[in-house]
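S.K.: This is the structure I have questions about; it appears just below.
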Amino acid sequence: MTIDSTQKKVAVMTPDGKRDYVSMTEFMDKLRYANISQIKVRDLENNKDYAPTYRKYTKSQIVTYLGNPANYETQLRQMSQYLYNISNYYRRLIQYFASMSTFSYIVVPYGIDRTKSVNLNKFKKGYYAVINQLEKMNIRHEFTRVLTVAFRDDVYYGYAWETNDSYTFQQLDPDYCKISSIEDGVYNFAFNFSYFDANSERLPNFPPEFTTMYNAYAKDSNLKWQELSSDNTVCIKINEQTHIPIPPFVSLFSALADIEDYRAISKNASEVNNYKALALEIPTGDDGTFLIDYDLCKDFYDMLCNVLPENIGAFMSPMKVSSWNFEKSGAVSGSDDVEKAEASMWTQAGVNSILFGGGDKDSATSVKWSTINDQMIVFTVMRQIERWINRKLKSVSTAIKFKVNILDVTYFNRQEMHDQFVKDGQYGLPVRSAIMATAGYNPSDMENMLYLENEILGLKDLEIPLTSSNTQSSDSNAATDKGGRPTNESRGKDLSDAGAVTKENDSNANSEG
């Protein structure tokens, strides 16, 4: 490596073995990104493990923590992390919300003075700069990871590492972070630099500003908490009504504990039902004396014990033995309690249990409206992510300003929204970008694929253009029109519960008339 101090550039080797000069800023960015790609999970030299440890909590602790969540913020977060790791119910619930959005977005210009002429070259240059920046950020992957942590802990604290061609978030320990301010509608947070008192070897894996701030803290203990620069930090919080981080599904902790208790009861009941006991009654005379010699009884008792399986016991008694059965009538003891506890847990979570393989009475219509309610929660968080991205885009130097609109699209309503945008386009609305977005294409994908297929490969001239009902003649439409009365779907109406069941079972397939 050679540094040219006059031009503030660094000589580096290119992949083909040639020397090239890059700016000092770019070189430092690449060096910092190399550090983040090698964050230690385990320090093998010092035998130090950075992975968090979790422990089980008792029901009494859960009740105590829920009684004063503000004072037990750390304990509730750690309990949520523990449940995420050991409870399939809790993990699937969080992943359900975190992975729901398709992150379909469009790029929209704003602040344009339509009374003045616009430089088209500058407009295009600015647009391409923005969509390339968004492509590099890999929004769908990065923010799905962010939402997984946020729906588990209520808040995600991270730092964005960026180079010319790479982008990633480094998650920070929430025990050493706290929200400190709001800028442009987006949360900023402070970091507790005493973290490095016991983890000084990890300091090189953090951004350079952490080293500067930690050195300041080492000189002045009053600087233990310092707000990080908003240029690169990311902070997403699910519950925006309070700055105190409380896991969104904290009310489920007791319900999840009940499920495990009922499972244990059901298991114990099943095991008890498999146990048997055989009583060898020794006959006695009127005066109470044994009519069979004890040694003979003992011999038969030993022979019986030698052939009995482990779950069957035997004993001798001169008295008759009675038994009582405490099993619930008509059901295996504890099994129905487990089902009730599971149903109660999903009800408290506010989601439909049929989405997670439970319940058998919900129709397609009720599931649809249940998911709409869940989607509204996710859309609210999308607005927060949208504002964070738009704050970031303000730093992209362009003559024309652009913003991101994250569409209200999830994997549940994707086809519906796509069809709606196509229909809007038939009336002349500017929704081509939205149609492409709901089809799964980012703005840069759309631009690059159109250029590849039309300009480079010339597919528009080599292949027959795709056709649709919009390009067919009225004669062709008439030939394929089978007639018949309009359906509920064609009218845009929802089926009733009974209608949904009929459709699912195809009950009208064999009806006459």
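The values are calculated or read from the model by the stated rules, or taken from the named source; none is laboratory data. All of these numbers come straight from a predicted model, not from anything done at the bench. Virtual Cβ from ideal backbone geometry, glycine too; neighbours counted across all protein chains shown. Surface areas here come from the heavy atoms of the whole protein model, side chains and all, with no ligands, DNA or RNA. Shrake-Rupley method; radii C 1.70, N 1.55, O 1.52, S 1.80 Å.
S.K.: From the set of residues in segment 119-167 that are under 30 Å from PRO248 (Cα atoms) and among the small types (Gly, Ala, Ser), which is surrounded by the fewest Cβ atoms within 10 Å (Cβ to Cβ)? It would help to see each step written out before you state the result.
M.R.: Within segment 119-167, the subset under 30 Å from PRO248 (Cα atoms) is 134, 137-161, 167.
Within this subset, residues satisfying the condition of being among the small types (Gly, Ala, Ser) are 150, 158, 160.
Values: ALA150: 27, GLY158: 21, ALA160: 17.
Filtering first and then ranking leaves ALA160.
S.K.: Within segment 446-460, is there a residue that is within 23 Å of ILE112 (Cβ to Cβ) and modelled with pLDDT of 85 or more? Full working, then the answer.
M.R.: Here is the first cut: in segment 446-460, the residues within 23 Å of ILE112 (Cβ to Cβ) are 446-447.
Within this subset, residues satisfying the condition of being modelled with pLDDT of 85 or more are 446-447.
Within segment 446-460, one or more residues are within 23 Å of ILE112 (Cβ to Cβ) and modelled with pLDDT of 85 or more.
S.K.: Look through LYS178, LYS136 and report the one residue that is closer than 25 Å to VAL396 by Cβ and not in a loop (DSSP other than H, G, I, E, B).
M.R.: LYS136
S.K.: Residue pairs, Cβ under 6 Å, 6 or more apart or interchain, first in segment 395-407 and over 11 Å from ILE131 (Cα atoms) and touching a residue at least 24 places away in the same chain (Cβ under 8 Å), second part of a loop (DSSP other than H, G, I, E, B) and open to solvent by 20 Å² or more (accessible area, probe 1.4 Å). List them.
M.R.: What qualifies is LYS401/GLY111.
S.K.: Sort out which residues of segment 415-437 are over 20 Å from TYR127 (Cα atoms) and open to solvent by less than 70 Å² (accessible area, probe 1.4 Å), and write them in order of number. Step through it out loud before you land on a result.
M.R.: Going residue by residue through segment 415-437, those that are over 20 Å from TYR127 (Cα atoms) are 415-429.
Correct list: MET417, HIS418, PHE421, VAL422, ASP424, GLY425, GLY428.
S.K.: Now, a different point. What are the residues in segment 87-120 that are in contact with a strand residue (DSSP E or B) (Cβ under 9 Å, 6 or more places away or on another chain) and farther than 15 Å from ILE400 by Cβ, if any? Even if it seems obvious, please write down each step before you answer.
M.R.: Residues of segment 87-120 that are in contact with a strand residue (DSSP E or B) (Cβ under 9 Å, 6 or more places away or on another chain), as a first pass: 100-112.
Selection gives MET100, SER101, THR102, PHE103, SER104, TYR105, ILE106.
S.K.: Restricting attention to segment 215-243, which residues are over 29 Å from SER395 (Cα atoms), open to solvent by 40 Å² or more (accessible area, probe 1.4 Å) and not in a loop (DSSP other than H, G, I, E, B)?
M.R.: ALA218, LYS219, SER221, ASN222
S.K.: Anything in segment 386-405 that is touching a Leu at 6+ places or on another chain (Cβ under 9 Å) and crowded, with 17+ Cβ neighbours inside 10 Å? List them, or say none. First the steps, then the outcome.
M.R.: Filtering segment 386-405 for residues touching a Leu at 6+ places or on another chain (Cβ under 9 Å) gives 389, 393, 401-404.
Correct list: ILE389, LEU393, PHE402, LYS403, VAL404.
S.K.: Also, quick follow-up: Only residues that are among the hydrophobic types (A, V, I, L, M, F, W, C), open to solvent by less than 70 Å² (accessible area, probe 1.4 Å) and without any contact (Cβ under 8 Å) to a residue 12 or more places away in the chain: list them for segment 293-311, please. Steps first, answer last, please.
M.R.: Here is the first cut: in segment 293-311, the ones among the hydrophobic types (A, V, I, L, M, F, W, C) are 296-297, 300, 303-305, 307-308.
Among the residues that remain, those that are also open to solvent by less than 70 Å² (accessible area, probe 1.4 Å) are: 297, 304-305, 308.
Once the filter is applied, which keeps residues that are among the hydrophobic types (A, V, I, L, M, F, W, C), open to solvent by less than 70 Å² (accessible area, probe 1.4 Å) and without any contact (Cβ under 8 Å) to a residue 12 or more places away in the chain, segment 293-311 yields only CYS305.
S.K.: I'm trying to understand the selection: among the residues of segment 104-141, which are under 17 Å from ASN442 (Cα atoms) and of a type in the set (D, E, K, R)?
M.R.: Going residue by residue through segment 104-141, those that are under 17 Å from ASN442 (Cα atoms) are 104-109, 124, 126-141.
Listed by number, the residues that qualify are LYS124, GLU135, LYS136, ARG140.
S.K.: Pairs only if they're at least six apart or on different chains, beta carbon under 8 angstrom, first in segment 219-232 and in contact (Cβ under 8 Å) with a residue 12 or more places away in the chain, second open to solvent by 80 Å² or more (accessible area, probe 1.4 Å); list them, first residue then second.
M.R.: Going by the 8 Å Cβ cut-off, the qualifying pairs are TRP225/LYS178; ASP231/SER395.
S.K.: Looking at segment 413-457 only, could you name the residues that are hydrophobic (A, V, I, L, M, F, W, C), over 26 Å from GLN133 (Cβ atoms) and in a helix (DSSP H, G or I)?
M.R.: VAL422
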